[in-house]
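Scroll down for the structure; my scribbles are underneath it.
Bear in mind that the values in this text are calculations on the coordinates, not laboratory data. From a predicted model like this one, the values you see are computed outputs, not experimental measurements. Backbone-built Cβ (ideal geometry, glycine too); neighbour counts: all protein chains shown.
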Amino acid sequence: MGASSRLSPQSAGCHISRSIWAGRSCRSVAPVVATQPTPSKVLPFEAIPRSGHNAWLQPCHICHSFRRTNSFQNLHHIMQKNFQHLGPIYRETVGTHSSVNVLLPRDAAQLFQSEGIYPRRMGIDAWIAHRVLRNRKCGIFLLNGEDWRADRLILNKEVISPRGTLKFLPFLNTVAEDFVDFMHRRVRKNTRRLLTVDLHRDLFRFTLEASNYAFYGERLGLLEESPSPESQRFIHALETMLQTTLPLLFIPPGVMRWVNHKLWQDHMDAWDTIFKHADKSIQNIYQEFCLGKPRKYSGIMAELLQQDELSLDSIKANMTEFTAGGVDTTAMPLLFTLFELARNPHVQTAIREEVKAAEADGPKELSKLLNSLPLLKAAIKETLRLYPVGITVQRYPTQDVVIQNYCVPAGTLCQVGLYAMGRSPEVFSDPECYNPKRWLTKEDHSFKALAFGFGARQCIGRRLAEAEMTLFLFHMLRNFRIDTVSKADIKTVFGFILMPEKPPLLTFRPID
């Protein structure tokens with residue numbers, strides 16, 4: 001799951017105390033000193049350049065700004081301009097939330113060194129409010145502290161470890177092959193033997209089908225001609241939850257219930273439907289266990305239930321968060337990648353040659369197949385450089401830290417500007433150029449590819465998302481040539497995740 005921006009600060013679990021210490025000077029705690037040479041005098045926190053006055057301090061101002069302007073949709077562009085004007089570090093206040101924003105990879109490394117054994121990220125008040133009001137547990141996306149670490153260590157084994165990844169790769173591969181068949185069926189309906197389409201909704205269905213199969217061991221039938229009403233309700237609930245999250249990032253749930261009760265109720269109802277899906281899946285798996293069916297791998301949830309290391313409520317909470325976080329956060333990078341391959345045909349051709357070479361070596365285990373596609377994987381990394389799902393990664397240092405020769409107090413919300421970093425000439429040569437080969441050089445790429453975060457709190461679904469995207473593109477490129485009329489840069493907006501302002505039209509031509 002990609003990191004979001006400007007969410008409300010949360011500490012341990014759902015019992016959260018706010019602790020942004022911005023504005024105080026450094027105390028007696030020894031600061032973590034940056035590795036780059038610095039002047040002898042460390043400057044105080046107050047000397048960090050500031051982006052300007054807080055224009056959205058009161059909830060009514062936030063509501064007015066959200067309704068009347070598109071400022072929130074342009075947060076990534078605003079942050080990029082702030083770095084260009086103020087330098088690689090600045091502080092700002094948005095609403096009631098203060099932060100220090102940094103740009104350079106070495107400063108991200110400093111935050112990694114000071115994050116401690118319980119790395120903290122920002123929570124989403126609306127999601128937490130739903131769990132509290134419905135008496136549901138929080139999963140690791142919302143948890144912090146010891147509760148987060150206990151769950152994360154157990155989940156790592158099945159979700160992000162190499163051994164766990166190997167088990168769900170066949171599930172992802174099956175859905176990728178089915179999507180290719182789905183596209184061929186659509187092409188055959190066109191007498192011109194090609195298909196020009198806005199693929200966003202189809203990619204949403206693919207990623208939901210693939211992730212649901214890996215998580216729950218069940219197919220939703222979203223690539224069939226007529227998905228079931230139940231599957232359609234599940235899709236609608238996920239779409240509604242994501243759409244209603246954006247305004248709720250900036251307005252406290254109590255205020256939103258008063259300002260826009262319908263939006264708040266739609267958000268709550270959507271989460272209820274998503275949790276009902278997890279409830280039903282658990283019941284199905286339990287029934288199969290009770291019937292004594294032969295034991296075989298049938299998805300991540302079944303493995304967690306079999307191990308009996310997490311409570312049922314914790315499994316349900318985490319699986320629900322995985323589902324919510326693994327759809328558009330994978331669909332959008334796939335859409336951006338297809339677009340970049342379409343407008344950079346030389347890159348598309350080079351990757352297709354790599355795909356053909358991998359096939360020429362004969363059948364391979366899926367893990368070996370993935371390892372034989374370095375340029376394809378580099379293309380995904382290049383896409384995430386230009387179009388990171390989340391526009392920042394957030395951390396709260398556990399001790400005072402010196403960044404860019406400024407003392408940043410422990411407990412300060414610090415954000416690494418991923419969108420701005422990916423397009424900075426200080427970090428990448430020719431940053432606007434789509435060049436996957438830059439990742440295959442011997443250049444030091446440390447802390448330059450942070451779309452999935454870093455450290456112990458990096459996105460737990462990283463391996464699943466990477467495998468899902470790689471297998472999808474492998475099968476699509478061996479079956480279709482991809483074209484687009486538009487060669488202009490795609491305009492993006494921030495809508496909880498980074499997305500195109502208008503999805504591009506892509507043309508798919510079958511390869512004979």
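Here are some notes:
- Measure of compaction for region 409-488 (Cα Rg per 2.2 N^0.38 Å): 1.41
- Rg and Dmax of region 312-362, based on Cα coordinates, read 17.6, 50 Å.
- Pairs of Cα atoms farther than 21 Å apart, region 114-196, %: 59 percent
- Farthest toward the positive end of the dipole of region 298-436, out of Ser367, Thr412, Phe428, is the Cα of Phe428, where the dipole comes from beta carbon charges about the Cα centre.
- Mean Cβ count within 10 Å, highest first, over the residues of peptides 317-323, 461-467: 317-323, 461-467
- Rounded to the nearest 5, the antiparallel percentage of DSSP beta bridges internal to the chain is 80%.
- GluC sites (Glu not before Pro) within region 219-270, DSSP loop, no more than 10 other Cβ atoms inside 10 Å: Glu225
- In this structure, the amide hydrogen of Tyr90, modeled 1.01 Å from its nitrogen in the peptide plane, lies closer than 5 angstrom to those of Asn101, counting only residues at least 5 positions away or on a different chain.
- Along each principal axis, Cα extent of region 61-213, largest first, Å: 56, 43, 40
- Rounded tilt (10° steps) of 162-188 against the dominant C-alpha axis of the chain: 60 degrees
- In order along region 270-278, the Karplus-derived 3J(HN,Hα) couplings, from 6.51 cos²θ - 1.76 cosθ + 1.60 at θ = phi - 60°, round to 5, 4, 4, 5, 5, 5, 4, 4, 5 Hz, and Gly and Pro are given as x.
- Counting other Cβ atoms within 10 Å as a rough exposure proxy, the listed residues Trp258, Trp439, Trp148 run Trp258, Trp439, Trp148 from fewest neighbours to most.
- Between the helical axis of 345-360 and the longest alpha-carbon principal axis of the chain there is an angle of about 60 degrees.
- Estimated purely from DSSP H runs of n ≥ 4, each contributing -39500 (n - 2.57), the mean residue ellipticity at 222 nm for the chain is -16000 deg cm²/dmol once divided by its residues.
- Scanning residues 5 or more positions from Leu199 or on other chains, those with amide H under 5 Å from its amide H are Leu506, with H placed 1.01 Å from N in the peptide plane.
- In a simple Cβ point-charge model (Lys, Arg +1; Asp, Glu -1; nothing else charged), region 379-451 has a dipole of about 220 debye relative to its Cα centre.
- Rounded to the nearest 20, the Cβ-based charge dipole of region 242-400 about its Cα centre (Lys and Arg +1, Asp and Glu -1) stands at 260 debye.
- Sorted by Cβ density within 10 Å, fewest first, the residues Lys368, Lys137: Lys368, Lys137
- Selection from His267, Leu310, Gln287 lying farthest towards where the dipole of region 246-362 points positive, charges on Cβ: His267
- Residues with amide H under 5 Å from that of Ser98, placed H, sequence gap 5 or more: none
- Taking Leu375, Leu104 and counting other C-beta atoms within 10 Å, the order from fewest to most: Leu375, Leu104
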